[in-house]
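What follows is a short report on a single structure.
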Ligand SMILES: [Zn+2]
Ligand SMILES: [Zn+2]
């Protein structure tokens with residue numbers, strides 16, 4: 001089968017003929033039908049970040065159809081429509097048993113043993129998978145714990161982006177911040193993840209939702225996803241503007257989708273009483289957030305401010321992914337405007353460049369049903 005392989009840090013995708021193993025144990029062979037391109041893929045491609053080995057098959061927003069199952073698979077069957085999740089829950093540790101799949105204490109438990117034949121290989125040797133997925137290929141071999149069956153009425157392109165963009169942005173709002181009706185929200189960065197935080201905040205009943213970005217196109221999209229106000233941070237002082245928009249109060253929830261120190265610092269400065277900054281987007285190496293904790297020159301301590309990390313929206317994806325599917329099918333979740341363009345596998349390098357330039361919210365690679 002064909003796949004887009006990254007052979008080393010900083011290299012472009014190479015479309016290669018890749019050998020995929022038969023499913024054993026709890027593994028599921030998926031005919032990939034749609035695969036979203038996310039900033040985290042580019043982050044790993046360019047920096048080797050998160051410690052994955054190369055060569056690697058990236059792609060962690062995967063939707064497709066089950067083509068074959070290993071003998072121990074119990075939850076899925078051939079023909080099921082599935083979405084992959086970029087978490088690898090063992091299902092047995094204290095984290096998993098509490099439903100905190102992101103807090104699994106056994107990373108790597110779902111991978112094959114190093115001594116076993118690799119799931120993916122080509123003439124040059126084994127190929128790793130990003131987070132056990134590897135969606136930039138015609139097929140993917142994935143542990144069943146990372147897959148969720150969805151309503152077959154759901155189109156694959158829109159289903160694929162649920163795996164990361166929707167789960168990360170929506171989950172930050174629903175699961176981590178637990179935004180309530182009447183709350184005030186700011187979102188720094190209106191790309192795929194940010195737009196989903198905005199529409200989740202609208203669904204949750206937030207009354208003020210401020211989208212902040214450096215690009216007019218994204219700010220226009222932010223309005224379509226439910227932002228009540230938008231701020232172009234190249235044209236105005238964000239801290240002052242958000243204070244003005246909120247009558248001086250600031251916001252209760254500030255989501256940072258861009259891992260840049262100055263952005264996170266601005267988020268801290270626009271908090272209302274009891275407000276929290278949520279760090280959602282992957283950070284550039286070495287980025288730091290200085291916290292001024294003296295009550296005499298900052299509100300951080302006396303106003304009970306907080307700073308929290310948010311990892312894949314703290315998702316329990318067995319529950320959350322079908323929920324997002326049903327919201328979409330009911331016309332209450334906008335995923336159509338999120339899928340900015342569909343491309344073929346051969347166009348992946350151009351789509352990466354467009355994503356880096358910030359031209360578009362999401363490119364989704366589609367694979368014809370007969371491939
Ligand atoms: Zn992602
Ligand atoms: Zn676990």
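Across the range 4-19, what is the number of residues that are assigned to a strand (DSSP E or B), in contact (Cβ under 8 Å) with a residue 12 or more places away in the chain and over 21 Å from the mean Cα position of the chain (by Cα)?
The total comes to 4.
Which of the residues that make up the range 20-38 are in a loop (DSSP other than H, G, I, E, B) and surrounded by fewer than 20 Cβ atoms within 10 Å (Cβ to Cβ)?
21, 22, 24, 25
Using the structure shown, decide if residue 138 is within 16 Å of ligand 1 (Cβ to nearest atom) and touching a residue at least 60 places away in the same chain (Cβ under 8 Å).
No: the conditions fail for residue 138.
Listed residues 111, 116, 122; which is in contact with a strand residue (DSSP E or B) (Cβ under 6 Å, 6 or more places away or on another chain), surrounded by fewer than 22 Cβ atoms within 10 Å (Cβ to Cβ) and over 20 Å from residue 200 (Cβ atoms)?
One residue alone meets the criteria, 122.
Residue-wise test of (1) buried (at least 23 other Cβ atoms within 10 Å of the Cβ); (2) under 22 Å from the mean Cα position of the chain (by Cα); (3) more than 16 Å from ligand 1 (Cβ to nearest atom); (4) closer than 15 Å to residue 362 by Cα.
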| position | (1), (2), (3), (4) |
| --- | --- |
| 41 | yes, yes, no, yes |
| 52 | no, yes, no, no |
| 60 | yes, yes, no, yes |
| 72 | no, no, yes, no |
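What single numbered condition from (1) touching a strand residue (DSSP E or B) at 6+ places or on another chain (Cβ under 7 Å); (2) at pLDDT 95 or above fails to hold for residue 273?
Status for residue 273: all satisfied but (1).
Based on this model, can you work out whether residue 212 counts as touching a strand residue (DSSP E or B) at 6+ places or on another chain (Cβ under 6 Å), closer than 30 Å to residue 149 by Cβ, surrounded by 24 or more Cβ atoms within 10 Å (Cβ to Cβ) and modelled with pLDDT of 95 or more?
no
Considering the range 340-364 alone, what residues qualify as being modelled with pLDDT of 90 or more and under 30 Å from residue 100 (Cα atoms)?
Answer for the range 340-364, where residues must be modelled with pLDDT of 90 or more and under 30 Å from residue 100 (Cα atoms): 363, 364.
Suppose the filter is within 26 Å of residue 100 (Cβ to Cβ) and more than 19 Å from the chain's Cα centre (by Cα); does residue 240 pass it?
no
With 207, 234, 184 as the choices, which residue is surrounded by fewer than 24 Cβ atoms within 10 Å (Cβ to Cβ), touching a residue at least 12 places away in the same chain (Cβ under 8 Å) and under 16 Å from residue 250 (Cβ atoms)?
Just a single option satisfies the conditions, and that option is 207.
Do we find a residue being out of contact with any helix residue (DSSP H, G or I) (no Cβ under 8 Å at 6 or more places or on another chain), touching a residue at least 24 places away in the same chain (Cβ under 8 Å) and outside the structural domain of residue 82 (by TED's automatic domain parsing) anywhere in the range 343-358?
Initially, the range 343-358 is screened for residues out of contact with any helix residue (DSSP H, G or I) (no Cβ under 8 Å at 6 or more places or on another chain), giving 344-351, 353-354, 357.
Those still in the list that are touching a residue at least 24 places away in the same chain (Cβ under 8 Å) too: 345-346, 348-349, 351.
Narrowing the set further to residues that are outside the structural domain of residue 82 (by TED's automatic domain parsing) leaves none.
There is no residue in the range 343-358 that is out of contact with any helix residue (DSSP H, G or I) (no Cβ under 8 Å at 6 or more places or on another chain), touching a residue at least 24 places away in the same chain (Cβ under 8 Å) and outside the structural domain of residue 82 (by TED's automatic domain parsing).
Residues that are out of contact with any helix residue (DSSP H, G or I) (no Cβ under 8 Å at 6 or more places or on another chain), at least 3 per element: which strands (runs of 3 or more DSSP E) completely within the range 219-318 meet that?
The qualifying strands (runs of 3 or more DSSP E) are 271-279.
When only residues in the range 320-342 that are touching a strand residue (DSSP E or B) at 6+ places or on another chain (Cβ under 7 Å) and more than 12 Å from residue 160 (Cβ to Cβ) count, which is surrounded by the fewest Cβ atoms within 10 Å (Cβ to Cβ)?
In this case the residue turns out to be 341.
For the range 79-100, give me each residue that is in contact (Cβ under 8 Å) with a residue 40 or more places away in the chain and more than 16 Å from ligand 1 (Cβ to nearest atom).
Matches in the range 79-100: 80, 81, 82, 89, 90, 91, 99, 100.
In this structure, does residue 261 turn out to be within 26 Å of the chain's Cα centre (by Cα) and on the phi < 0 side of the Ramachandran plot?
Criteria met by residue 261.
Residues being under 26 Å from the mean Cα position of the chain (by Cα) and either in a helix (DSSP H, G or I) or more than 20 Å from residue 325 (Cβ to Cβ) (or both): count how many of those fall in the range 74-117.
23
Is the range 192-202 home to any residue that is assigned to a loop (DSSP other than H, G, I, E, B) and within 16 Å of ligand 1 (Cβ to nearest atom)?
Taking the range 192-202 and keeping what is assigned to a loop (DSSP other than H, G, I, E, B), we get none.
No - not one qualifying residue is present in the range 192-202.
The values are calculated or read from the model by the stated rules, or taken from the named source; none is laboratory data. Remember, predicted model here, so these are calculated numbers, not experimental data. Cβ: placed from backbone, ideal geometry, glycine included. Neighbour counts: every protein chain shown.
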